[in-house]
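Asker: Pasting a structure here, questions to come.
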Amino acid sequence: LHPRVRRQRQMCIRDRATKRSEIIAAIATLYVTIVQANVKERTYELLKGHDLVQKILGQKGKIDDVMERLPTAFAAQEERKKYREFLDFDTLTERLRNTNFVSIEFMGVNGEWRLARFIVKSRDAYGNAVDVFYVVRDITEEKSRELMYQKQLKESMEDAHRANLSKTAFLRRMSHDIRTPINGIRGMVEIGRYYKDDLEKQSDCREKVWEASGFLLDLVNDVLDMNKLESGQIQLSEDSFDLQDILNEVT
């Protein structure tokens, strides 16, 4: 090749390498831990990690030598079993057979949340994962929002459930109370038919029909107020009343 062409090609190669390094560096900022591991040889190399990770893993080593220390060091007590199962290299090849990554979310020892993921880097001729990246990302802020949303959703569902129970109980009682004045009205009409020539009885029946229909109207208004209450449109008012009149009506 002409020297100038060779130099241009070398410059292109360097540019691509530089861009690749910049991309890798940018992606690496998303993770607090990055480990490259060989599944078959069961070895690893730490590429990025904070002080505790570096203390436990060192720069490189054998996976079996550190596997049991990781759940205790990084996962909360109730999360250690599932985190230990996720880290199990005996089952990792099978878990990665038809996918390029597997993930898990777990709570850390200090209450923070982590997203851990195995990502396939290379496979053998049979499609088995050989080299993988193990990466960990801090998702505490995202998880807090998610848990808060789930809590609010649960509270809303519980409120709706209680409201439905209250409405059902209200309507059950109300349906019984509505039948009472209706039966009274029908009874007075029947009595009026029987005593059609008795003007005094007719007047008494009409008066009781009027009272019962007024009571029925109050019940219907209560039902409408119930709907207003749910929509926040209810308006409370203070009205004077005669207790003796109410007692007489009840009697």
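The values are calculated or read from the model by the stated rules, or taken from the named source; none is laboratory data. Just so we're clear, the structure is a prediction, and the values are computed from it rather than from any experiment. For neighbour counting, all protein chains shown are included, and Cβ atoms are generated from backbone atoms with ideal geometry for every residue, glycine included. Note: accessible area is taken over every heavy atom of the protein model, side chains too, but ligands, DNA and RNA are not part of it. Shrake-Rupley method; radii C 1.70, N 1.55, O 1.52, S 1.80 Å.
Asker: May I ask for log10 I(q)/I(0) of the range 164-241 at q = 0.11, 0.17, 0.21, 0.25 Å⁻¹, from a Debye sum over the Cα atoms as equal point scatterers with solvent left out?
Answerer: Values, matching the q order: -0.43, -0.77, -0.94, -1.11.
Asker: Considering every Cα-Cα pair within the range 73-193, what fraction, in whole percent, is farther apart than 21 Å?
Answerer: Across the range 73-193, Cα pairs with separations above 21 Å total 65 percent.
Asker: Using helices alone, what [θ] at 222 nm do you get for the chain, with -39,500 (n - 2.57) per DSSP H run of 4 or more residues, divided over all residues and rounded to the nearest 500?
Answerer: Roughly -20500 deg cm²/dmol at 222 nm, from the helical runs in the chain.
Asker: Relative contact order for the range 104-251: what percent, with Cα pairs under 8 Å and sequence separation of 6 or more? Kindly include the intermediate steps, with their values, before the conclusion.
Answerer: On the way: 96 pairs, mean separation 17.7, N = 148.
Once normalised by length, the contact order is 12 percent.
Asker: Would you work out the Kirkwood radius for the range 48-106? I mean one over the mean of 1/r across all pairs of different Cα atoms, in Å.
Answerer: 12.7 Å
Asker: Summing Lys, Arg as +1 and Asp, Glu as -1, what charge do residues with Cβ under 12 Å from the Cβ of P181 carry, P181 excluded? Provide the component values of the computation, followed by the final result.
Answerer: Values: positive: R179, R186, K208; negative: D177, E211, D218, E249.
In short, -1.
Asker: How many Å² of accessible area per residue for the chain, probe 1.4 Å?
Answerer: Result: 74 Å² per residue.
Asker: After finding the eigenvalues of the alpha carbon gyration tensor for the range 24-128, what semi-axes result from the square roots of 5 times each, listed largest first in whole Å?
Answerer: Largest first, the range 24-128 gives 21, 16, 15 Å.
Asker: Around R69, with a cut-off of 13 angstrom between Cβ atoms, what is the net charge of the other residues, counting Lys and Arg +1 and Asp and Glu -1?
Answerer: In short, +1.
Asker: GluC sites (Glu not before Pro), restricted to the range 42-134: which are DSSP loop and have at most 14 other Cβ atoms within 10 Å?
Answerer: E68
Asker: My understanding is that a pair violates if its Cα-Cα distance is over 32 Å; which of K201/K228; K143/K167; K81/K143 do that in this structure?
Answerer: Violating the 32 Å limit, Cα to Cα: K201/K228; K143/K167.
Asker: List the chymotrypsin sites (Phe, Trp or Tyr not before Pro) in the range 52-128 that DSSP assigns to loop (not H, G, I, E or B) and whose Cβ has at most 16 other Cβ atoms within 10 Å. Which are they?
Answerer: Numbers: sites: F74, Y83, F86, F89, F101, F106, W113, F118, Y126; in loops: Y126.
Qualifying residues, ordered by number: Y126.
Asker: What is the Cα radius of gyration of the range 139-198 over 2.2 N^0.38 Å, N being its residue count?
Answerer: 2.47
Asker: Cβ under 14 Å from F133's Cβ, F133 left aside: what net charge do those residues give with Lys, Arg +1 and Asp, Glu -1?
Answerer: Taking every Cβ under 14 Å from that of F133, the sum is +3.
Asker: So what is the relative contact order of the chain, in percent, for Cα pairs below 8 Å that sit 6 or more residues apart? Write out the running numbers ahead of the final one.
Answerer: On the way: 236 pairs, mean separation 31.0, N = 251.
Relative contact order for the chain comes out at 12 percent.
Asker: Ok, one more. In debye, nearest 20, what is the charge dipole magnitude of the chain about its Cα centre with +1 on Lys and Arg Cβ and -1 on Asp and Glu Cβ, if you could check?
Answerer: Using only the charged Cβ atoms, the result is roughly 3300 debye.
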